[in-house]
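Only one structure is covered here, and it is reproduced in the block below.
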Amino acid sequence: MPIRPIVLHPNEVLRQKCKKVGHLDAKLQQLIDDMVETLSDAKGVGLAAPQVGVPLRLTVIRLPEDYDDPKAGQLLVLVNPEIVKATGEWEPDEGCLSIPGYWANVKRNWTVTVKARDQKNREIRVKGEGLLGQALQHEIDHLNGMLYIDHPGVIDTLRRARPAETREPRDSQAASESVE
(Lines give C-alpha, C1' and ligand atoms only; values in the text may rest on other atoms or scores of the structure.)
Protein backbone atom coordinates (compact mmCIF):
# COMPACT_ATOMS: atom_id res chain seq x y z
CA MET A 1 0.00 0.00 0.00
CA PRO A 2 1.83 3.08 -1.15
CA ILE A 3 1.63 6.37 0.68
CA ARG A 4 0.26 8.95 -1.73
CA PRO A 5 1.38 12.57 -1.78
CA ILE A 6 -1.13 14.92 -0.13
CA VAL A 7 -2.38 17.63 -2.48
CA LEU A 8 -1.75 21.11 -1.07
CA HIS A 9 -3.78 24.29 -1.35
CA PRO A 10 -4.18 26.00 -3.88
CA ASN A 11 -4.29 22.90 -6.15
CA GLU A 12 -7.49 23.04 -8.24
CA VAL A 13 -8.55 19.46 -7.42
CA LEU A 14 -9.33 20.72 -3.89
CA ARG A 15 -11.93 23.10 -5.38
CA GLN A 16 -13.78 20.55 -7.49
CA LYS A 17 -17.10 19.05 -6.52
CA CYS A 18 -16.30 15.33 -6.50
CA LYS A 19 -18.04 12.67 -8.58
CA LYS A 20 -20.13 9.98 -6.92
CA VAL A 21 -18.58 6.55 -6.71
CA GLY A 22 -20.55 4.27 -9.04
CA HIS A 23 -19.37 0.84 -7.97
CA LEU A 24 -16.77 -0.63 -5.69
CA ASP A 25 -14.03 -2.59 -7.41
CA ALA A 26 -10.40 -3.60 -6.86
CA LYS A 27 -9.15 -0.23 -8.10
CA LEU A 28 -11.31 1.62 -5.56
CA GLN A 29 -10.23 -0.77 -2.79
CA GLN A 30 -6.60 0.02 -3.66
CA LEU A 31 -7.38 3.74 -3.38
CA ILE A 32 -9.01 3.14 0.04
CA ASP A 33 -5.99 1.14 1.23
CA ASP A 34 -3.62 3.87 0.00
CA MET A 35 -5.69 6.58 1.69
CA VAL A 36 -5.67 4.69 5.01
CA GLU A 37 -1.89 4.31 4.81
CA THR A 38 -1.47 7.98 3.83
CA LEU A 39 -3.72 9.13 6.70
CA SER A 40 -1.75 7.04 9.18
CA ASP A 41 1.59 8.33 7.89
CA ALA A 42 0.37 11.95 8.09
CA LYS A 43 -0.98 11.39 11.62
CA GLY A 44 -4.28 12.98 10.60
CA VAL A 45 -7.87 12.36 11.64
CA GLY A 46 -9.45 12.34 8.19
CA LEU A 47 -8.53 12.29 4.52
CA ALA A 48 -10.75 12.85 1.50
CA ALA A 49 -9.98 11.45 -1.96
CA PRO A 50 -9.35 14.88 -3.53
CA GLN A 51 -6.55 15.35 -0.99
CA VAL A 52 -4.68 12.59 -2.83
CA GLY A 53 -5.66 13.98 -6.24
CA VAL A 54 -8.74 11.83 -6.91
CA PRO A 55 -12.03 13.75 -7.30
CA LEU A 56 -14.32 11.01 -5.95
CA ARG A 57 -16.79 11.12 -3.04
CA LEU A 58 -14.72 8.99 -0.70
CA THR A 59 -13.21 9.68 2.70
CA VAL A 60 -11.48 7.80 5.50
CA ILE A 61 -11.58 8.88 9.14
CA ARG A 62 -9.88 7.52 12.25
CA LEU A 63 -10.05 9.28 15.61
CA PRO A 64 -6.90 9.01 17.74
CA GLU A 65 -6.98 5.89 19.93
CA ASP A 66 -6.60 7.93 23.10
CA TYR A 67 -9.52 10.24 22.26
CA ASP A 68 -12.56 9.91 24.55
CA ASP A 69 -15.08 8.56 22.04
CA PRO A 70 -16.49 5.04 21.54
CA LYS A 71 -15.33 5.17 17.88
CA ALA A 72 -11.75 6.18 18.78
CA GLY A 73 -9.24 4.11 16.85
CA GLN A 74 -11.88 2.62 14.53
CA LEU A 75 -11.50 3.17 10.81
CA LEU A 76 -14.48 4.70 9.03
CA VAL A 77 -14.58 4.38 5.25
CA LEU A 78 -17.35 6.49 3.78
CA VAL A 79 -18.37 6.20 0.14
CA ASN A 80 -20.73 8.89 -1.18
CA PRO A 81 -21.34 10.36 2.30
CA GLU A 82 -23.97 12.98 2.93
CA ILE A 83 -25.10 14.74 6.08
CA VAL A 84 -28.73 13.97 6.84
CA LYS A 85 -29.02 15.63 10.25
CA ALA A 86 -27.06 18.28 12.11
CA THR A 87 -27.62 19.84 15.55
CA GLY A 88 -25.85 22.01 18.06
CA GLU A 89 -22.95 24.35 17.48
CA TRP A 90 -19.36 24.80 18.58
CA GLU A 91 -16.28 26.54 17.31
CA PRO A 92 -13.29 24.20 17.63
CA ASP A 93 -9.73 24.60 16.41
CA GLU A 94 -9.35 23.07 12.99
CA GLY A 95 -6.48 22.31 10.67
CA CYS A 96 -6.08 20.47 7.39
CA LEU A 97 -3.45 18.19 5.88
CA SER A 98 -3.79 20.20 2.64
CA ILE A 99 -3.01 23.47 4.46
CA PRO A 100 -0.19 22.36 6.75
CA GLY A 101 1.01 24.51 9.60
CA TYR A 102 -2.16 26.58 10.10
CA TRP A 103 -5.14 26.40 12.45
CA ALA A 104 -8.33 28.41 12.80
CA ASN A 105 -11.64 28.39 14.64
CA VAL A 106 -14.48 27.03 12.49
CA LYS A 107 -18.19 27.06 13.33
CA ARG A 108 -19.38 23.49 13.13
CA ASN A 109 -22.40 21.51 14.24
CA TRP A 110 -21.75 19.57 17.44
CA THR A 111 -23.61 16.45 16.22
CA VAL A 112 -24.08 15.20 12.67
CA THR A 113 -25.58 12.06 11.20
CA VAL A 114 -24.14 10.91 7.89
CA LYS A 115 -25.45 8.28 5.54
CA ALA A 116 -22.98 6.56 3.23
CA ARG A 117 -21.81 3.21 1.96
CA ASP A 118 -18.93 1.36 3.57
CA GLN A 119 -16.11 -0.35 1.68
CA LYS A 120 -18.26 -3.50 1.34
CA ASN A 121 -21.01 -1.41 -0.30
CA ARG A 122 -23.36 -1.69 2.69
CA GLU A 123 -25.47 1.34 3.54
CA ILE A 124 -24.43 2.78 6.90
CA ARG A 125 -25.30 5.69 9.13
CA VAL A 126 -22.70 7.30 11.33
CA LYS A 127 -23.56 9.67 14.15
CA GLY A 128 -20.67 11.80 15.32
CA GLU A 129 -20.35 14.31 18.13
CA GLY A 130 -17.47 16.65 18.87
CA LEU A 131 -14.29 15.68 17.03
CA LEU A 132 -15.96 12.93 14.98
CA GLY A 133 -18.77 15.30 13.96
CA GLN A 134 -16.17 17.92 13.08
CA ALA A 135 -14.17 15.42 11.00
CA LEU A 136 -17.28 14.26 9.14
CA GLN A 137 -18.19 17.84 8.27
CA HIS A 138 -14.61 18.75 7.31
CA GLU A 139 -14.17 15.75 4.98
CA ILE A 140 -17.59 16.17 3.34
CA ASP A 141 -16.69 19.84 2.74
CA HIS A 142 -13.64 18.55 0.81
CA LEU A 143 -15.93 16.42 -1.36
CA ASN A 144 -17.90 19.57 -2.20
CA GLY A 145 -14.78 21.55 -3.14
CA MET A 146 -14.75 23.57 0.08
CA LEU A 147 -11.88 24.09 2.53
CA TYR A 148 -12.16 25.09 6.17
CA ILE A 149 -10.66 28.49 5.32
CA ASP A 150 -13.74 29.19 3.15
CA HIS A 151 -16.10 29.30 6.15
CA PRO A 152 -17.22 32.79 7.24
CA GLY A 153 -14.89 34.50 9.71
CA VAL A 154 -12.24 31.78 9.61
CA ILE A 155 -9.56 33.94 8.03
CA ASP A 156 -9.81 36.26 11.06
CA THR A 157 -8.82 33.38 13.37
CA LEU A 158 -6.20 31.76 11.10
CA ARG A 159 -2.88 31.35 12.83
CA ARG A 160 0.40 29.58 12.32
CA ALA A 161 0.70 26.41 14.39
CA ARG A 162 3.39 26.25 17.02
CA PRO A 163 5.34 22.98 17.27
CA ALA A 164 3.90 22.31 20.76
CA GLU A 165 0.26 22.54 19.57
CA THR A 166 -1.63 19.28 19.27
CA ARG A 167 -4.34 18.19 16.87
CA GLU A 168 -6.91 17.82 19.63
CA PRO A 169 -9.66 20.43 19.46
CA ARG A 170 -10.37 22.54 22.49
CA ASP A 171 -13.81 23.56 23.55
CA SER A 172 -15.09 26.81 22.03
CA GLN A 173 -14.34 28.92 25.11
CA ALA A 174 -10.73 27.72 25.37
CA ALA A 175 -10.32 27.98 21.60
CA SER A 176 -11.47 31.59 21.52
CA GLU A 177 -9.18 32.41 24.45
CA SER A 178 -6.17 31.05 22.54
CA VAL A 179 -6.57 33.29 19.50
CA GLU A 180 -3.67 35.70 19.29
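In loop segments of region 1-92 as defined by DSSP, the GluC sites (Glu not before Pro) with at most 15 further C-beta atoms inside 10 Å of their C-beta are Glu65, Glu89. Using just its DSSP H runs of length 4 or more, each adding -39500 (n - 2.57), the chain gives a mean residue ellipticity at 222 nm of -7000 deg cm²/dmol after division by all residues.
Accessible-area rank, largest first, for Arg125, Arg62, Arg57: Arg125, Arg62, Arg57, with all protein chains present and a 1.4 angstrom probe. Relative to the longest principal axis of the Cα atoms of the chain, the long axis of helix 130-143 lies at roughly 60 degrees. In the context of the full set of protein chains, residues of the chain present 52 Å² of accessible surface per residue (probe radius 1.4 Å, heavy atoms only).
In the chain, the longest principal axis of the Cα atoms and the axis of helix 26-42 are about 20 degrees apart. Model label sites at Glu12 and Leu24, defined 7 Å from Cα along the beta-carbon direction, differ in position by 3.3 nm.
Quick one: ranking Ser40, Ser98 by accessible area, 1.4 Å probe, largest first, what do you get?
Of Ser40, Ser98, the descending order of accessible area is Ser40, Ser98.
Here the accessible area is traced with a 1.4 Å probe on the protein chains. For the chain, carbon and sulfur cover 48 percent of it.
When the residues Asp33, Asp93 are ordered by accessible surface, computed with a 1.4 Å probe over the protein chains alone, the sequence from largest down reads Asp33, Asp93.
The heavy atoms of Leu158 present about 60 square angstrom of accessible area, all protein chains included, probe 1.4 Å. Only Cα pairs under 8 Å and 6+ residues apart enter the sum, and on that basis the relative contact order of the chain stands at 23 percent. A simple rule links phi to the HN-Hα coupling: the Karplus curve 6.51 cos²θ - 1.76 cosθ + 1.60 with θ = phi - 60°, which for region 3-9 gives 7, 8, x, 8, 6, 9, 4 Hz, with x for Gly and Pro.
Using θ = phi - 60° in the Karplus curve 6.51 cos²θ - 1.76 cosθ + 1.60, the 3J(HN,Hα) couplings for region 67-82 round to 7, 7, 7, x, 8, 4, x, 7, 7, 10, 10, 10, 9, 6, x, 8 Hz; x is entered for Gly and Pro. Within the full protein context, the accessible area of Met146 is estimated at about 60 Å² for a probe radius of 1.4 Å. Using a Gaussian network model on the chain with a 10 Å cutoff between Cα atoms, which of Arg108, Arg160, Arg117 fluctuates the most? So, out of Arg108, Arg160, Arg117, the one fluctuating most is Arg160.
Let me check against my output: what whole-number percent is the relative contact order of region 73-119, with C-alpha pairs under 8 Å and at least 6 apart? Let's see the in-between values first.
Working: 73 pairs, mean separation 24.1, N = 47.
It comes to 51 percent, rounded to a whole number.
Mind running the shape call on the chain? Use the C-alpha gyration tensor, a ≥ b ≥ c as the square roots of the eigenvalues: rounded below 1.5 for a/c, prolate if a/b tops b/c, oblate otherwise. Because a/c hits 1.5 or more and a/b exceeds b/c, the chain counts as prolate. Look at the alpha carbon pairs under 8 Å that are at least 6 residues apart: their mean separation over the length of region 1-47 gives a relative contact order of 58 percent. Note on the chain: GNM, Cα springs under 10 Å; of Pro81, Pro152, Pro92, the largest mean-square fluctuation is that of Pro152.
The values are calculated or read from the model by the stated rules, or taken from the named source; none is laboratory data. From a predicted model like this one, the values you see are computed outputs, not experimental measurements. Positions of Cβ are backbone-derived with ideal geometry, glycine not excepted, and every protein chain shown enters the neighbour counts. For accessibility, only protein heavy atoms count, side chains too; no ligands or nucleic acids. Shrake-Rupley method; radii C 1.70, N 1.55, O 1.52, S 1.80 Å.
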